[in-house]
Amino acid sequence: MGTRGRYLNHILAAGILAMAFAGPATAQASAAEIARPDIPRLLKELKSSDPSIWRKAQSDLLRAWSSSGSSAMDLLLERGRKALGADNTDAAIDHLTALIDHAPDFAEGYNMRAMAYYEAGLFGPALADLGHALQLNPHQFGALAGLGMILEDSGFDKKALAAYKASAAIDPHQPSVNQAIARLTRKAEGEEI
């Protein structure tokens, strides 16, 4: 393993340890749950087998988590998303860093910047931001799925599988997450034979 591989392993290990010591996901209510008392109900509705119920719950949760309570901060989030959608990761990182500087308790800022860092190939900063996002909002199934992607891309299949399963435990209606769970489960079973 080269120097870059060892360096990446150290970054990943630090990120994983930080998230492991962040505490259990149910330890305390997130800021979004305090601001929106309907969040626990929506999280429960995510597990419904009725598509009209879980789709609405999913949409309402993502909308709630994307609202900072400040129109200026919401604008920075939107600019970051648009830049990311246009494959302009540098601009996305700049907008989202400004957002985090002004709203350090807004979990979605960290989650989106983690996506931008991931797209830029900066796994260490992406992991750090996912750690912050999950500390602020331990129910952010997208952040858990993102953690799974980074871990899988880095060759940490067992840890990736655990992250994907944690995401699916919150929202079982994520096709890409369910496919990743099936793929990594098959791979793990194949390795054990």
Problem set entry | Test for residue 58: is it of a type outside the set (A, V, I, L, M), touching a Leu at 6+ places or on another chain (Cβ under 9 Å), closer than 24 Å to residue 36 by Cβ and in a helix (DSSP H, G or I) | yes
For this session: For the stretch 38-59, state whether one or more residues are at pLDDT below 95, in contact with a Ser or Thr (Cβ under 9 Å, 6 or more places away or on another chain) and closer than 20 Å to residue 102 by Cα.
Result: no
For this session: Could you please let me know if residue 107 is surrounded by 17 or more Cβ atoms within 10 Å (Cβ to Cβ), touching a residue at least 60 places away in the same chain (Cβ under 8 Å), of a type in the set (A, V, I, L, M, F, W, C) and under 19 Å from residue 137 (Cβ atoms)?
Result: yes
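Residues checked against (1) under 22 Å from residue 149 (Cα atoms); (2) not in a helix (DSSP H, G or I); (3) not aliphatic (A, V, I, L, M):
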residue	(1), (2), (3)
42	no, no, no
54	no, no, yes
69	no, yes, yes
104	no, yes, yes
116	yes, no, no
126	yes, no, no
135	yes, no, yes
Exercise. For the stretch 83-102, what are the residues that are part of a helix (DSSP H, G or I) and aliphatic (A, V, I, L, M)?
Worked result: 83, 84, 91, 92, 93, 96, 98, 99, 100
Exercise. In the stretch 144-193, how many are more than 14 Å from the chain's Cα centre (by Cα) and polar (S, T, N, Q)?
Worked result: 4
Exercise. If you check residue 129 against the conditions, is it farther than 19 Å from residue 174 by Cα, modelled with pLDDT under 95 and among the acidic types (Asp, Glu)?
Worked result: no
Problem set entry | Test: residue 190 is in contact (Cβ under 8 Å) with a residue 60 or more places away in the chain, surrounded by fewer than 20 Cβ atoms within 10 Å (Cβ to Cβ) and in a helix (DSSP H, G or I) | no
Exercise. Consider residue 84 against the criteria (1) surrounded by fewer than 18 Cβ atoms within 10 Å (Cβ to Cβ); (2) at pLDDT 95 or above; (3) not hydroxyl-bearing (Ser, Thr, Tyr): it satisfies all of them except one. Which criterion is unmet?
Worked result: (1)
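The values are calculated or read from the model by the stated rules, or taken from the named source; none is laboratory data. Please read all numbers here as calculations on a predicted model, not as lab measurements. All Cβ positions, even for glycine, are placed from backbone atoms using ideal geometry, and neighbour counts span all protein chains on display.
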